Amino acid sequence: MSRKVITLAEIRDGSLRNVSFEAIAAAKTIAQGGEVVAVLLGESAQSYANELIYYGADRVVTVENEKLNHYTSDGYGQALMAVIDSEKPEGIVFGHTALGKDLAPKLATKLNSGLVSDVVAVEEAGGNLVFTRPIYSGKAFEKKIVTDGVIFVTVRPNNIPVLERDEARSGNVTNLSANIKDLRTIVKEVVRKTAEGVDLSEAKVIVAGGRGVKSADGFKPLQELAEVLGGAVGASRGACDAGYCDYSLQIGQTGKVVTPDLYIACGISGAIQHLAGMSNSKVIVAINKDSEANIFKVADYGIVGDLFEVVPLLTEEFKKLKV
Ligand code: FAD
């Protein structure tokens with residue numbers, strides 16, 4: 001059964017977030033030959049539309065309004081409801097990002113629909129669409145089907161393979177002039193807490209430090225390794241609590257949940273609360289002085305040694321590979 005599916009594309013710091021393309025790929029599977037319509041919000045929305053078509057969207061609907069230049073659940077909620085009223089989709093896909101996690105339940109409630117959140121795979125099996133999502137902090141996976149109403153899902157960044165970019169693709173881009181009522185909260189300015197760099201939740205490579213880095217300066221070798229690998233730096237709560245780095249880097253049960261292709265844990269013991277945020281990474285490398293450390297139980301490759309010796313050696317070797 002073919003369906004019309006809409007996806008919400010996210011713009012951050014002047015570029016489309018990769019999860020926007022992953023949402024289109026998931027929507028293609030859900031649409032089963034039906035139309036995939038990507039939605040873009042904000043005054044500059046038009047300029048990003050073609051890229052979404054190159055990555056598989058059949059059509060793009062923009063709502064160009066200055067009230068949508070910054071995310072607010074109020075403004076985006078009104079705009080999305082206007083798009084949904086006009087498009088009447090049978091499927092909706094958002095990224096499982098801070099934005100998606102805030103907005104999707106609100107819209108699902110308004111639509112009186114269910115919500116399958118944090119999806120890591122979508123497949124067709126036995127005539128059903130089956131959605132896989134991690135449960136119990138990533139220790140198990142459950143498979144869900146939607147039996148009634150709109151299929152509303154959020155997809156975890158870095159899990160659904162994007163479709164091949166094809167500049168030969170074309171599609172209509174239309175603007176919907178939705179009436180956005182006065183917002184109850186207005187974002188005046190966004191001041192970023194961390195320095196520029198690769199977004200942790202979408203990074204393909206993460207070099208994470210724990211209490212074993214011993215100081216804020218101890219993160220420097222990790223930053224150098226992350227830079228060579230084009231990755232981001234993360235941390236355990238132990239390192240954040242000790243004041244070695246900002247809490248925005250924290251990975252785990254009460255921090256960010258990440259699924260990079262490569263996770264390098266340096267001086268992290270592997271407490272259950274940390275594993276909750278990274279154990280679904282595709283390849284895990286652990287560097288720890290203690291051969292009994294719990295992190296080795298989830299690691300694909302373990303290096304027993306002093307991180308201050310091992311990390312610079314890795315950086316040097318990776319540098320050679322890049323030349
Ligand atoms: P430690 O456990 O102290 O481990 C440091 C490791 O570094 C040791 O294994 C040691 O052998 C190694 N080491 C030391 N020096 C070196 C060296 N030179 N070279 C190599 N290795 C070295 N934690 C999180 O990470 N994320 C969370 O989201 C989170 N949420 C929590 C929520 C709750 C409700 C609670 C109770 C706890 C939570 N924690 C969380 C904390 C968690 O239980 C651990 O305390 C924390 O993860 C430990 O951080 P760590 O591994 O960096 O430090």
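The values are calculated or read from the model by the stated rules, or taken from the named source; none is laboratory data. Being a predicted model, the structure only gives us computed values, none of them experimental. Here the Cβ positions follow ideal geometry from the backbone for every residue, glycine too, while neighbour counts run over all protein chains shown. What goes into the accessible areas is simple: the full protein's heavy atoms, side chains included, and nothing from ligands, DNA or RNA. Shrake-Rupley method; radii C 1.70, N 1.55, O 1.52, S 1.80 Å.
Numbers below:
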| item | result |
| --- | --- |
| Peptides ranked, highest mean first, by Cβ atoms within 10 Å: ranges 39-47, 140-148 | 39-47, 140-148 |
| For the chain, share of DSSP beta bridges that run antiparallel, in % to the nearest 5 | 20 |
| Above-threshold pairs, the threshold being 25 Å between Cα atoms, out of LYS214/LYS322; LYS139/LYS297; LYS88/LYS110 | LYS214/LYS322 |
| Segment 201-246 - convex hull of alpha carbons, volume per residue in Å³ | 59 |
| Cβ crowding within 10 Å averaged over residues, with 246-257, 180-191, 229-240 ranked highest first | 229-240, 246-257, 180-191 |
| Between 0 and 90°, nearest 10: helix 73-87 axis offset from the chain longest Cα axis | 50 |
| Sequence ranges 94-104, 167-177, 21-31, ranked by mean other-Cβ count within 10 angstrom, highest first | 21-31, 94-104, 167-177 |
| Quotient of C-alpha Rg and 2.2 N^0.38 Å, computed over segment 116-212 | 1.56 |
| Accessible surface of the chain, 1.4 Å probe, proportion on carbon and sulfur as whole % | 48 |
| Debye, to nearest 20: dipole size of segment 214-323, +1 on Lys, Arg Cβ, -1 on Asp, Glu Cβ | 220 |
| Convex hull of Cα atoms in segment 205-323, direction-averaged projection (nm²) | 6.3 |
| Per DSSP, loop GluC sites (Glu not before Pro) in segment 215-293 with at most 12 further Cβ within 10 Å | GLU292 |
| For the chain, calculated [θ]222 nm from helices alone, where every DSSP H run of n ≥ 4 adds -39500 (n - 2.57) | -8000 deg cm²/dmol |
| Rounded accessible area per residue of the chain, 1.4 Å, Å² | 49 |
| Average silhouette area of segment 56-163, convex hull of alpha-carbon atoms, in square nanometres | 7.9 |
| Cα convex hull volume per residue for segment 4-93 (Å³) | 80 |
| Nearest-ten-degree value, helix 18-31 long axis tilted from longest Cα axis of the chain | 50 |
| Between helix 98-111 and the chain: long-axis angle, C-alpha atoms, 0 to 90°, nearest 10 | 30 |
| Whole-percent pair-distance distribution, where bins are 10 Å wide, for the alpha carbons of the chain | 6, 25, 29, 23, 13, 3, 0 |
